[in-house]
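Written out below as structure tokens is the structure these notes cover.
The values are calculated or read from the model by the stated rules, or taken from the named source; none is laboratory data. These numbers come from a predicted model, not from an experiment. With ideal geometry, Cβ positions are generated from the backbone for all residues, glycine too; neighbour counts draw on all protein chains shown. Note: accessible area is taken over every heavy atom of the protein model, side chains too, but ligands, DNA and RNA are not part of it. Shrake-Rupley method; radii C 1.70, N 1.55, O 1.52, S 1.80 Å.
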Amino acid sequence: IVISANIGVITGRVLTGDKSVAGANVMLRRTGDDKLRLLGGTLATVTNDRGVFTLSAAPGNYLVVAWRSADGPTALEAAMSKAIKEQGTGLTLSPNDRKQIDIRLP
């Protein structure tokens with residue numbers, strides 16, 4: 001658990017085509033040398049009825065991963081592969097940062 005006044009906030013939308021996806025899962029997965037520190041821990045939320053999400057996190061590099069549970073048991077694995085391919089080393093979140101990202105699902 002990190003308690004800090006210097007957290008960053010990531011907001012965004014999950015879309016498919018030009019439509020928002022309500023109820024999509026969104027997770028931040030830490031990347032970089034300290035990723036093992038978060039093994040077993042995730043920062044996650046579900047999009048609202050407009051497909052919007054907000055997550056707060058300690059400074060660091062993160063992949064933003066989105067998937068629909070209805071897509072089956074391999075959906076998270078596929079979403080993680082997609083995030084790595086599209087985001088590379090991830091999004092850098094600095095203290096007090098405000099970042100925005102849109103994620104497109106197939």
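Every residue, every condition in (1) modelled with pLDDT of 95 or more; (2) over 17 Å from ASP102 (Cα atoms); (3) surrounded by 12 or more Cβ atoms within 10 Å (Cβ to Cβ), yes or no:
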site: ILE1; (1), (2), (3): no, yes, no
site: LEU15; (1), (2), (3): yes, no, yes
site: LEU38; (1), (2), (3): no, yes, yes
site: THR54; (1), (2), (3): yes, no, yes
site: ALA70; (1), (2), (3): no, yes, no
Got a sec? Which of ALA66, ALA58, ALA78 is out of contact with any Lys or Arg (no Cβ under 7 Å at 6 or more places or on another chain) and at pLDDT below 95? ALA58
In segment 73-100, which residues are surrounded by 14 or more Cβ atoms within 10 Å (Cβ to Cβ) and at positive phi? GLY90
Kindly provide the set of residues from segment 41-62 that are in a strand (DSSP E or B), in contact with a Leu (Cβ under 7 Å, 6 or more places away or on another chain) and closer than 18 Å to VAL14 by Cα, ordered by number. LEU43, THR45, LEU55, TYR62
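Hey, any hits in segment 63-72 for a residue that's assigned to a loop (DSSP other than H, G, I, E, B), of a type in the set (Gly, Ala, Ser) and on the phi > 0 side of the Ramachandran plot? Working first, answer last.
Here is the first cut: in segment 63-72, the ones assigned to a loop (DSSP other than H, G, I, E, B) are 68, 72.
Applying the additional criterion that residues be of a type in the set (Gly, Ala, Ser) yields 72.
Right, trim to on the phi > 0 side of the Ramachandran plot and you get 72.
Yes, some residue in segment 63-72 is assigned to a loop (DSSP other than H, G, I, E, B), of a type in the set (Gly, Ala, Ser) and on the phi > 0 side of the Ramachandran plot.
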Residues in segment 40-52 that are at pLDDT 95 or above and open to solvent by less than 50 Å² (accessible area, probe 1.4 Å) total 4
Tabulated pairs, segment 48-63, first within 22 Å of LYS19 (Cβ to Cβ), second outside any strand (DSSP E or B) and β-branched (Val, Ile, Thr), C-beta under 9 angstrom, 6+ apart or interchain: GLY51/VAL21; PHE53/THR47
